[in-house]
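The values are calculated or read from the model by the stated rules, or taken from the named source; none is laboratory data. Keep in mind the model is a prediction, meaning the values are calculated, not measured. We place every Cβ from the backbone using ideal geometry, glycine too, and count neighbours over all the protein chains shown. Each accessible area value is taken on the protein alone, full model and side chains, heavy atoms only, with ligands, DNA and RNA left out. Shrake-Rupley method; radii C 1.70, N 1.55, O 1.52, S 1.80 Å.
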Amino acid sequence: MAGIGAPRPDPVLHAWEGFVNRNVMPGPKVKEGILASWLRCRSYGVNPYGGTGPVVDEPVLRAKIEANRQFISIARPFMEDLYRVAGAGFIVVLTDDEPVLLEVVGDPAVSRRAGELNFVPGARWNEQAVGTNAIGTALAIDAPMQVCGAEHYCSLHHPWTCSAAPVHDQAGRFIGVLDMTGPCELVHPHTLGMVMAAARAIENQLRWEAAVREVEISNRAFRATFSSISEGVLSVDSGGVVKQVNAAAARLLGRSETDILGRPIISFFDESNPVARSLLQRREYADQEALVVTPAGKVYCTSSARAIMGSEASAPGMVMTLREAKGVHRLVHKIAGHKATFSFDDLVYCSDAVKSAVTLARHAAATPLNILITGETGTGKEMVAQAIHNASQRARGPFVALNCGAIPRELIESELFGYEGGAFTGARREGRPGKFELADGGTVFLDEIAEMPLEMQVKLLRVVQERKVARLGSHDETPVDVRLIAATNVDLAEAAARGDFRKDLFFRLNVMPIRMPALRERPEDIAVLTNHFLKDLTGRLGKRALELEAGVMEILLAYTWPGNVRELENTLERAACLANDVIRMEHLPDPLRVAASGKETSKAQGITGPDEGLRLKAVEKEVIMDALDKSGGNISRAARTLGIGRNTLYRRLRDWGVNTQQAQGR
């Protein structure tokens with residue numbers, strides 16, 4: 001639109017009259033963009049003698065103003081500046097993307113005259129509604145446009161000149177039009193340029209504020225992420241001073257955030273730790289064990305540090321993470337399988353003897369007390385220990401087992417309690433946690449506890465009493481929350497009486513004693529266990545079904561099973577591998593066949609009662625000594641051949657007064 005004034009030169013007005021009245025195409029006096037708009041307006045059916053803009057309802061206008069509140073607030077200062085430069089006789093208009101007028105700034109007199117055409121907030125000013133005009137045509141071609149006098153398609157607009165430029169947001173989307181309107185005689189050739197410059201300034205401000213919002217959102221997201229990370233995170237400047245700390249790090253360090261900020265990072269670490277040296281030298285490291293100093297004592301953590309790189313490849317600071325070793329250990333246990341797999345439902349039995357032991361174990365599981373499981377090798381002591389763990393409140397924690405008889409004496413201390421880096425020749429530089437630290441929050445199972453050296457029993461007693469552990473090579477004690485379950489095939493009370501085991505440790509361990517009966521004491525379980533193992537082997541070995549030949553079960557029931565349940569399982573597994581679908585007498589190992597043969601001979605000779613028992617023991621000794629001969633005195637190989645445990649074989653030899661060294665030299 002343009003204000004009241006002299007009409008445009010006659011050639012344009014003449015061309016307009018010929019176009020709208022006689023359908024005569026104008027000559028070169030009409031700009032190409034104007035002619036294209038006239039043709040569009042004719043196709044829309046716009047009345048060339050009209051030009052009053054339709055106005056939206058008030059609620060619609062309020063909704064549009066609210067939706068464009070930021071756009072209006074950014075554009076208003078530029079609109080006011082534009083009006084001050086243009087002076088009286090002009091109005092500056094802002095529209096949305098439809099385009100509906102949202103804001104009008106300028107000369108009140110011009111605003112009143114323009115209002116006669118509904119050129120007011122709420123008016124829709126596109127080509128379809130009011131014909132060729134700078135606002136609607138700029139929208140149609142998405143480019144700056146100036147329309148003067150008779151270039152307007154509607155005659156009511158001929159006294160006006162409009163200069164408009166589209167406005168885009170930071171993503172390049174069209175969001176509205178900035179327009180300056182006034183009378184034809186007041187318009188300067190540079191008017192459109194001023195409007196274009198103001199529109200670009202609005203776009204730049206929109207982009208700048210969008211960038212600021214993005215930064216603010218990123219900062220809020222960073223702060224929220226920084227605070228919610230479960231690991232402790234600290235950032236330090238180039239001088240090693242803490243600049244940021246999250247809540248997890250503050251909890252781990254046992255201090256408030258304000259007490260941490262501004263302090264040297266090195267003040268929170270034990271100076272002897274390799275991590276402290278790395279921090280002093282500003283060196284990056286990954287997954288290193290760090291000894292953190294807190295008001296409550298020292299805490300083992302896993303730490304990593306990365307440099308914050310500057311614009312010139314410099315390192316203005318570092319970011320480091322801290323995670324308490326307990327949490328890391330729990331994750332390692334999940335991955336490495338340090339967990340109990342058996343429950344009480346997995347135990348197979350029907351005898352009253354085992355039923356009583358399991359009942360006691362269930363009661364023990366509900367308590368925090370130490371437990372001592374006794375019984376011969378192969379009776380299932382570790383299965384019961386795992387079942388107790390899984391039925392206890394520590395079921396979600398780790399289950400860490402250690403066979404005290406399988407670890408060399410010189411290594412058992414480091415295995416149990418861990419060690420600091422360089423504590424002994426061959427030690428890892430970063431140190432290593434022991435079983436008690438690894439089992440924190442769970443259960444430590446010490447099998448063959450009677451094999452533990454006396455000097456280690458003293459240290460174990462202290463850990464059991466104090467619930468603290470000191471690594472080899474360190475004086476710092478770390479609290480540990482573990483439940484101890486010990487197992488042995490030795491009479492510990494008798495060993496303690498002989499001085500082979502510390503009495504005070506025995507009393508500490510023997511709080512809840514559970515005895516697992518030998519298989520020969522519960523012969524009714526042999527058939528139940530046999531059926532269970534055969535069913536399991538059928539699936540594992542891919543056989544259709546495994547059955548026992550007539551007479552084989554009698555042999556199994558009559559055998560004394562010195563290796564207990566483990567020997568029975570090994571026997572059936574060996575026989576199943578040799579058999580097709582039916583396990584026969586010849587598939588059984590020599591000890592069972594010899595024992596069965598000896599028993600038949602005894603019956604044929606009328607030997608019964610104690611004499612028969614003596615005969616069976618003699619046969620057993622003969623079979624074992626024969627196995628030793630065939631293995632060249634190798635105890636482990638002979639035990640595997642016999643299907644019994646190595647400790648069981650050692651015990652049998654001691655019972656017979658056979659020196660194990662002599663046996664190995666046979």
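Scanning the range 161-170 for residues that are open to solvent by less than 30 Å² (accessible area, probe 1.4 Å) and either in a helix (DSSP H, G or I) or not charged (D, E, K, R) (or both) yields 161, 162, 163, 164, 165, 166, 167. Per the listing 83, 49, the residue uniquely of a type in the set (Phe, Trp, Tyr), open to solvent by 70 Å² or more (accessible area, probe 1.4 Å) and either closer than 18 Å to residue 200 by Cα or touching a residue at least 12 places away in the same chain (Cβ under 8 Å) (or both) is 49.
Kindly provide the set of residues from the range 243-264 that are of a type in the set (D, E, K, R) and in contact with a Ser or Thr (Cβ under 6 Å, 6 or more places away or on another chain), ordered by number.
Once the filter is applied, which keeps residues that are of a type in the set (D, E, K, R) and in contact with a Ser or Thr (Cβ under 6 Å, 6 or more places away or on another chain), the range 243-264 yields only 243.
Taken as a whole, the range 379-402 holds no residue that is surrounded by fewer than 21 Cβ atoms within 10 Å (Cβ to Cβ), among the charged types (D, E, K, R), over 30 Å from residue 366 (Cβ atoms) and modelled with pLDDT under 90.
The set of residues in the range 579-600 that are of a type in the set (D, E, K, R) and surrounded by fewer than 17 Cβ atoms within 10 Å (Cβ to Cβ) comprises 581, 584, 586, 590, 593, 600.
For beta carbons closer than 9 Å, sequence separation of 6+ or different chains, a first residue in the range 565-591 that is farther than 27 Å from residue 376 by Cα and free of Cβ contacts under 8 Å to residues at least 24 places away in the same chain and a second that is open to solvent by 10 Å² or more (accessible area, probe 1.4 Å) and acidic (Asp, Glu), the qualifying pairs are 578/586. In the range 230-247, which residue that is touching a residue at least 24 places away in the same chain (Cβ under 8 Å) and among the hydrophobic types (A, V, I, L, M, F, W, C) is nearest to residue 325 (Cα to Cα)? Looking at residues that are touching a residue at least 24 places away in the same chain (Cβ under 8 Å) and among the hydrophobic types (A, V, I, L, M, F, W, C), I get 233. For the range 311-326, a residue qualifies if it is open to solvent by 50 Å² or more (accessible area, probe 1.4 Å), in contact with a helix residue (DSSP H, G or I) (Cβ under 9 Å, 6 or more places away or on another chain) and either among the hydroxyl-bearing types (Ser, Thr, Tyr) or modelled with pLDDT of 70 or more (or both), and the qualifying residues are 323, 324. Identify the residue in the range 518-531 that is under 45 Å from the mean Cα position of the chain (by Cα) and within 20 Å of residue 357 (Cα to Cα) and, among all such residues, is surrounded by the most Cβ atoms within 10 Å (Cβ to Cβ). Top of the filtered list is 529.
Of 188, 158, all but one fail to be buried (at least 21 other Cβ atoms within 10 Å of the Cβ) and not basic (Lys, Arg); the exception is 158. In this structure, does residue 246 turn out to be modelled with pLDDT of 80 or more, of a type in the set (S, T, N, Q) and under 15 Å from residue 303 (Cβ atoms)? So residue 246 fits the description; yes. Restricting 76, 40, 22, 69 to those that are crowded, with 16+ Cβ neighbours inside 10 Å and among the basic types (Lys, Arg) reduces the list to 40. Taken over the range 246-274, residues that are under 18 Å from residue 227 (Cα atoms) and among the charged types (D, E, K, R) amount to 4. Inclusion of residue 400 among residues that are touching a Leu at 6+ places or on another chain (Cβ under 8 Å) and under 15 Å from residue 343 (Cα atoms) is not warranted. Only residues that are among the aliphatic types (A, V, I, L, M) and buried (at least 21 other Cβ atoms within 10 Å of the Cβ) were counted across the range 553-578, and they come to 6. Looking across the range 481-521, the residues that are under 16 Å from residue 377 (Cβ atoms) and part of a loop (DSSP other than H, G, I, E, B) come down to 489, 490, 491, 516, 517, 518. Just one of the listed residues (223, 207) is in contact (Cβ under 8 Å) with a residue 12 or more places away in the chain and assigned to a helix (DSSP H, G or I), namely 207. Taking (1) of a type in the set (Gly, Ala, Ser); (2) open to solvent by less than 60 Å² (accessible area, probe 1.4 Å); (3) modelled with pLDDT under 85 in turn, residue 193 satisfies each apart from (3). Residues that are open to solvent by 40 Å² or more (accessible area, probe 1.4 Å), in contact with a strand residue (DSSP E or B) (Cβ under 8 Å, 6 or more places away or on another chain) and not in a strand (DSSP E or B) are absent from the range 177-184.
Taking the condition touching an Asp or Glu at 6+ places or on another chain (Cβ under 9 Å), touching a residue at least 24 places away in the same chain (Cβ under 8 Å) and open to solvent by 40 Å² or more (accessible area, probe 1.4 Å), does residue 546 pass? Step through it out loud before you land on a result.
Details: touching an Asp or Glu at 6+ places or on another chain (Cβ under 9 Å): yes; touching a residue at least 24 places away in the same chain (Cβ under 8 Å): yes; open to solvent by 40 Å² or more (accessible area, probe 1.4 Å): no.
No, not satisfied.
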